Amino acid sequence: MKLLNSPWGTSFNTKYGFGYDDSRDDYKALFIDHYHDFNNGEVYSVRVVVTIYSLRNDSWKTLHDQLQGIFLINHSGKFVNGMIYWIASTGIDDDDARNIISFDVANETWGSLEIPIHGEDHSNIKLGVVGSDLAVLYTCHICATTSDVWILKDCRGNMSWTKRFTIEYPKYVVLYMFSSPNFTFSIHLRQSNKGDIILSIRGLIILFDGSTKKLEHIAAVGGYNPAETYAESIVNPLTISGKNSA
């Protein structure tokens, strides 16, 4: 379905997300735009405009005065368990992760999470998904040949970070880990005896041995953001808005 007459995407820095509200059987698209306000030719403030599209209602909602002073880093938010997530900084040109911002698709409310790494360089953090869990990929410095993978788990109602594993690769591969933090990643754990790891990040699919966590294969793919895993369904999503065509 093409989103027509959309009020988003006209700013210098647009972020977006897509998620499903299972309480109302509704798909929502979310856009965050940043606009410069000028005074005598000088920038004196940045306005943040949030726009939400509901497929069920086929309508747009525009919200102001949200996320002021918060700047989302990754272009595409990661949708996990009813929430859309972005890594956030405190400056428009700042790529150092300060925290993780969440958006509840059902309630349309914002939240915040701490990042799992403290006292380190936060410019080498990428947000992603491991299986069905929100995850962070951290590479400590440009010469490192390993990255740590942290996942967010709900332990009796308390959300906490756990380091799941460390992956190892030759030095030439690590350069891809330092690509722009604007791009996210996805990790799929293959159902095999070894539990092989498939990492998708900025135009690459990388296969690691599940037992040794070492590189086995790299394949280049088109596009910049990683591929997303999905489950097929026989339900036509267009029926939830009562439309026969789009």
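The values are calculated or read from the model by the stated rules, or taken from the named source; none is laboratory data. Predicted, not measured: the structure shown is a model, and the values here were computed from it. Counting neighbours? That spans all protein chains shown, and the Cβs are built from the backbone with ideal geometry, glycine included.
Points to keep in mind about this one:
- Restricting attention to the range 109-120, the residues that are in contact with a Phe, Trp or Tyr (Cβ under 7 Å, 6 or more places away or on another chain) and not in a strand (DSSP E or B) add up to 2.
- Being among the aliphatic types (A, V, I, L, M) and in a strand (DSSP E or B) holds for only one residue in Ala88, Ala97, Ala106, and it is Ala88.
- Candidates are the residues of the range 117-161 that are surrounded by 13 or more Cβ atoms within 10 Å (Cβ to Cβ), of a type in the set (S, T, N, Q) and out of contact with any Leu (no Cβ under 7 Å at 6 or more places or on another chain); the one that is modelled with the highest pLDDT is Thr146.
- Sole exception among (1) exposed (fewer than 14 other Cβ atoms within 10 Å of the Cβ); (2) over 22 Å from Phe183 (Cα atoms); (3) of a type outside the set (Ser, Thr, Tyr); (4) at pLDDT below 85 for Met1, by number: (1)
- Within the range 9-51, considering residues that are at pLDDT below 80 and within 19 Å of the chain's Cα centre (by Cα), the one farthest from Thr90 (Cα to Cα): Gly9
- Cross-chain or 6+ apart pairs with Cβ under 9 Å, the range 50-76 first and crowded, with 17+ Cβ neighbours inside 10 Å, then part of a loop (DSSP other than H, G, I, E, B) and among the β-branched types (Val, Ile, Thr): Ile70/Thr90; Phe71/Thr90; Phe71/Ile92; Asn74/Thr184; His75/Thr184; Ser76/Thr184
- The residue of the range 85-107 that is modelled with the highest pLDDT, among those that are surrounded by fewer than 21 Cβ atoms within 10 Å (Cβ to Cβ) and hydrophobic (A, V, I, L, M, F, W, C), is Ala106.
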